[in-house]
C-alpha cells in the first residue's frame with residue numbers, strides 16, 4: 001500500500017505501471033484502519049490472527065464494502 | 001507443544017521489535033536456533049510473520065520491516081521501518097504513541113511528513129491498495 005499526494009498522482013502511477021486502479025482511501029481512514037488492525041497487543045501469547053469473519057467485520061465497520069474488500 | 005513454543009517465540013519477537021524498532025534475528029530468541037527457525041517457519045505459514053527468501057530470518061513482523069523501506073517511522077524515540085504506508089501508521093497504533101513518518105509520494109517522489117499527535121493524524125494524502133484484499137497473501141511482499 002503506497003502513499004500518494006492526490007488522485008491525479010494515483011492515476012499517473014497506475015498508468016506508468018500498467019496496473020488497474022485499486023482502492024483509494026484518505027490517509028485519515030488509513031489511520032483508523034491501522035488503529036483497529038494493529039491495536040491489539042501481539043506480545044500477548046493469547047493473541048491470534050483474526051478469522052475471516054472477524055476481518056470482514058473490521059472492513060465493514062470502516063465502510064469497506066465494495067468487491068475490492070471481499071475476502072471470499 | 002509447538003503451539004506453546006510458537007506463542008512464546010511470537011511474544012518475544014514482538015517484545016523485542018516494539019522496544020528496538022526492528023524484528024530480531026533468530027539468535028536473539030530463547031531456544032535452540034534450529035527450533036527457533038522452525039518456529040519462524042510455522043509462524044510464517046500461519047501468516048503471522050514473513051520470512052526472508054533465504055536463511056529463514058524475519059523480513060516482516062507486521063507492521064515492522066527488518067529492512068529499510070520508503071516508510072521511515074520514529075515513535076517512542078525509536079526508529080523503525082513500516083512495510084507500507086498502512087504499516088507505517090500501524091507502528092504508532094501498536095505502540096499507542098505519537099509518531100513522525102517520513103515517506104514520499106509513490107508517483108512523483110515529493111517528500112511527505114506524516115505526524116500522529118495524541119492519537120490524531122495531522123497530515124493529508126491518500127492511500128492506494130493495488131491488490132484486492134483476497135489476494136494479499138498470494139505475494140505479501142509485493143502487496
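Restricting B:48, B:60 to those that are within 7 Å of chain A (Cβ to nearest Cβ), closer than 17 Å to residue B:14 by Cβ and under 15 Å from the mean Cα position of the chain (by Cα) reduces the list to B:48. Taken together, the criteria exclude residue B:34 from residues that are surrounded by fewer than 14 Cβ atoms within 10 Å (Cβ to Cβ), part of a helix (DSSP H, G or I), touching a helix residue (DSSP H, G or I) at 6+ places or on another chain (Cβ under 8 Å) and modelled with pLDDT of 95 or more. Against the condition in the same structural domain as residue B:97 (by TED's automatic domain parsing), without any contact (Cβ under 8 Å) to a residue 60 or more places away in the chain and under 16 Å from the mean Cα position of the chain (by Cα), how does residue B:78 come out, does it pass? Criteria met by residue B:78. Identify the single condition in (1) at the interface with another protein chain (Cβ under 7 Å from one of its Cβ atoms); (2) part of a helix (DSSP H, G or I); (3) in contact with a strand residue (DSSP E or B) (Cβ under 8 Å, 6 or more places away or on another chain) that residue B:93 does not satisfy, given that it satisfies every other one. It fails just one condition, (3).
The set of residues from the stretch A:23-40 being in a loop (DSSP other than H, G, I, E, B) and surrounded by 13 or more Cβ atoms within 10 Å (Cβ to Cβ) comprises just one member, A:40. For the stretch A:2-23, the condition of being within 7 Å of chain B (Cβ to nearest Cβ) and under 20 Å from residue B:92 (Cβ atoms) holds for at least one residue. Scanning the stretch B:102-143 for residues that are modelled with pLDDT of 95 or more and more than 16 Å from residue A:28 (Cβ to Cβ) returns B:102, B:104, B:105, B:106, B:107, B:108, B:109, B:110, B:111.
The values are calculated or read from the model by the stated rules, or taken from the named source; none is laboratory data. The structure displayed is predicted, hence computed values, not measured ones. Counting neighbours? That spans all protein chains shown, and the Cβs are built from the backbone with ideal geometry, glycine included.
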